[in-house]
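Notes follow once the structure below has been shown.
The values are calculated or read from the model by the stated rules, or taken from the named source; none is laboratory data. Computed from a predicted model, the values in this text were never measured in an experiment. Every residue, glycine as well, gets a Cβ built from its backbone with ideal geometry; the counts of neighbours run over all protein chains shown.
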């Protein structure tokens, strides 16, 4: 009987022809070293190597060192993750639910999860990491996303000493409960943020700040750190212990060190020399790239929700006068900045929320900060500085850069339109951040990139009144604070949007910040880099860390 079946099968294949034998359905699919099936057009596993440029981190302990540890967010997996459509997907938690009163969220973990050293990964690791991020002794300068959690802000400010009061509790190895002070419909978004990742307590207690170095580093995502050569590169490879839903295709990822901000100051030579698969394109490089018959076909917009703006020391002269801030807002020609300087790699900003972001108001409040030199001169004169006379020379700080063409353009516009002198000062990133949180920066051009896709992130977290040492800026407005507080716990989407709309109007009219442009970064990508999918706006982008696991090297 068995012999008859074999003969019949061979006869059938002979009738169908040799094309069937060569079809992907008959041939064995390629798999990488962790057993993930590669796409049909993928190169062999040994060629699945992705290389990119980034600055050198001082640590990879991103839960407490966000400004010096970013650039390799794919190394850790949070409770939830965001995809290219900004939809929340399971991460370390396979599902979650919220109580009827909206105050208690329960996250249920996939069973049998492991760290990259083989140890069990549990809900207790997340409890430890989140509480550590809120510990005032941790040195974390970015605990604000978690202030919605019960007693988190009070504990972080040192008013409560016992971490047990914080509304974060591992019920057992597979269950984590998080209690919020008020209903928080966007909590799953916060839990997808790059700082909402677990930390191996035993490594921290044994090695302290060194735990995230290559020889001690332990991760929980599809990748693990295997080598860190200072000044040269970081090497990552697939983690054989990861069994979650976001396994990567790349066998190896290399982070090549650059000392240029955002990896675009190096020029595009590393890309042209096939040293990297992707590279950012600076505005001054864009005309040459567009004119090149090969490079122009490899150029893609890589949009992100990002806003560049000026902020001030609002509590001391001259910026304690609203007319001075408004005068500066009306003296800046954003259209020229975005069209000429940025070569279209940005759109003029008159409010905080960028295009496509929930709550974006378009040009609704444009007139509040629109370019109007005549009005700018009038406001400055009313403030006591006619034609700039008597206005002090003010330093404009830059974070981690010595020069910036947009800052220099603003410097020229303020001199020409208002007669005031601004001195541009580049600062080390740590020095800058320390002074920003102490409200000691007189004036600065800075960017804010969204953490999670909710208006509370870019309005409430950035602009809400905070005590010195716990907020980015010293601008304060009682009605604004009330609106964003009420909106953060409002469950009716329509009413919530209306509150944020009014809050943004107040921010723009009071010139708490002077908004310059929303970024539209451009990137060169090798044609063999596959796996990109279109987002809702129609861009082939991968702004979320999890989308790194969708990419692969094609044949």
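Would you mention how many residues in segment 521-537 are assigned to a loop (DSSP other than H, G, I, E, B), within 20 Å of the chain's Cα centre (by Cα) and surrounded by fewer than 18 Cβ atoms within 10 Å (Cβ to Cβ)? Residues meeting the conditions: 4. Looking at residue 542, is it assigned to a loop (DSSP other than H, G, I, E, B) and within 17 Å of the chain's Cα centre (by Cα)? It is true that residue 542 is assigned to a loop (DSSP other than H, G, I, E, B) and within 17 Å of the chain's Cα centre (by Cα). Of all the criteria given as (1) assigned by TED's automatic domain parsing to the domain that holds residue 381; (2) at negative phi; (3) surrounded by 18 or more Cβ atoms within 10 Å (Cβ to Cβ); (4) touching a helix residue (DSSP H, G or I) at 6+ places or on another chain (Cβ under 7 Å), the one not satisfied by residue 359 is (2). Scanning segment 289-326 for residues that are over 29 Å from the mean Cα position of the chain (by Cα) and assigned to a helix (DSSP H, G or I) yields 291, 322, 323, 324, 326.
Please state which one of 110, 132, 114, 169 is assigned by TED's automatic domain parsing to the domain that holds residue 186, over 25 Å from the mean Cα position of the chain (by Cα) and within 26 Å of residue 70 (Cα to Cα). Before you say what the answer is, go through the steps one by one.
On the way: 110 fails: within 26 Å of residue 70 (Cα to Cα); 132 fails: over 25 Å from the mean Cα position of the chain (by Cα); 169 fails: within 26 Å of residue 70 (Cα to Cα).
It is 114.
How do the helices (runs of 4 or more DSSP H) wholly within segment 368-452 filter down when requiring 1 or more residues that are closer than 30 Å to residue 488 by Cα and at pLDDT below 95: which remain?
On the way: elements: 373-382, 405-418, 429-437.
Output list reads 429-437.
Here residue 480 fits the description: at pLDDT 95 or above, outside the structural domain of residue 142 (by TED's automatic domain parsing) and out of contact with any strand residue (DSSP E or B) (no Cβ under 9 Å at 6 or more places or on another chain). Checked against the criterion of being under 30 Å from residue 431 (Cβ atoms) and in contact with a strand residue (DSSP E or B) (Cβ under 7 Å, 6 or more places away or on another chain), segment 122-132 has at least one qualifying residue. Would segment 176-189 turn up any residue that is farther than 25 Å from residue 485 by Cβ, touching a strand residue (DSSP E or B) at 6+ places or on another chain (Cβ under 8 Å) and not assigned by TED's automatic domain parsing to the domain that holds residue 249? Yes, there is a match, as at least one residue in segment 176-189 is farther than 25 Å from residue 485 by Cβ, touching a strand residue (DSSP E or B) at 6+ places or on another chain (Cβ under 8 Å) and not assigned by TED's automatic domain parsing to the domain that holds residue 249.
Does segment 453-464 hold any residues that are at pLDDT 95 or above and not in a helix (DSSP H, G or I), and which are they? Residue satisfying the conditions is 464 alone.
Checked against (1) touching a strand residue (DSSP E or B) at 6+ places or on another chain (Cβ under 6 Å); (2) at pLDDT below 95, residue 472 meets all criteria but (1).
Can you tell which of 492, 486 is surrounded by fewer than 16 Cβ atoms within 10 Å (Cβ to Cβ), touching a helix residue (DSSP H, G or I) at 6+ places or on another chain (Cβ under 7 Å), more than 25 Å from residue 413 (Cβ to Cβ) and outside the structural domain of residue 278 (by TED's automatic domain parsing)?
Values: 492 fails: touching a helix residue (DSSP H, G or I) at 6+ places or on another chain (Cβ under 7 Å).
The unique qualifying residue is 486.
Taking the criterion of being farther than 11 Å from residue 32 by Cα and either within 24 Å of the chain's Cα centre (by Cα) or crowded, with 22+ Cβ neighbours inside 10 Å (or both), the residues of segment 233-251 that qualify are 233, 234, 235, 236, 237, 239, 242, 244, 245, 246.
Among the candidates 358, 287, 293, single out the residue that is out of contact with any strand residue (DSSP E or B) (no Cβ under 9 Å at 6 or more places or on another chain) and closer than 21 Å to residue 535 by Cα. The match here is 358.
In segment 76-91, what residues are more than 18 Å from residue 304 (Cβ to Cβ), touching a helix residue (DSSP H, G or I) at 6+ places or on another chain (Cβ under 7 Å) and not in a strand (DSSP E or B)? Result: 79, single match.
One residue stands out in segment 93-121 among those that are touching a strand residue (DSSP E or B) at 6+ places or on another chain (Cβ under 6 Å) and part of a loop (DSSP other than H, G, I, E, B): the one that is nearest to residue 75 (Cα to Cα), namely 116.
Regarding segment 362-382, can at least one residue be identified that is crowded, with 23+ Cβ neighbours inside 10 Å, closer than 28 Å to residue 480 by Cα and within 24 Å of the chain's Cα centre (by Cα)? Among the residues of segment 362-382, not one is crowded, with 23+ Cβ neighbours inside 10 Å, closer than 28 Å to residue 480 by Cα and within 24 Å of the chain's Cα centre (by Cα), which makes the answer no. Residue 386 - would you say it is over 28 Å from residue 282 (Cα atoms) and free of Cβ contacts under 8 Å to residues at least 24 places away in the same chain? Criteria met by residue 386.
On the given criteria, is residue 225 crowded, with 17+ Cβ neighbours inside 10 Å, under 17 Å from residue 77 (Cα atoms) and either more than 23 Å from the chain's Cα centre (by Cα) or without any contact (Cβ under 8 Å) to a residue 60 or more places away in the chain (or both)? So residue 225 does not fit the description; no.
Residues in segment 126-138: is at least one closer than 19 Å to residue 466 by Cα and not in a loop (DSSP other than H, G, I, E, B)? Yes, there is a match, as at least one residue in segment 126-138 is closer than 19 Å to residue 466 by Cα and not in a loop (DSSP other than H, G, I, E, B).
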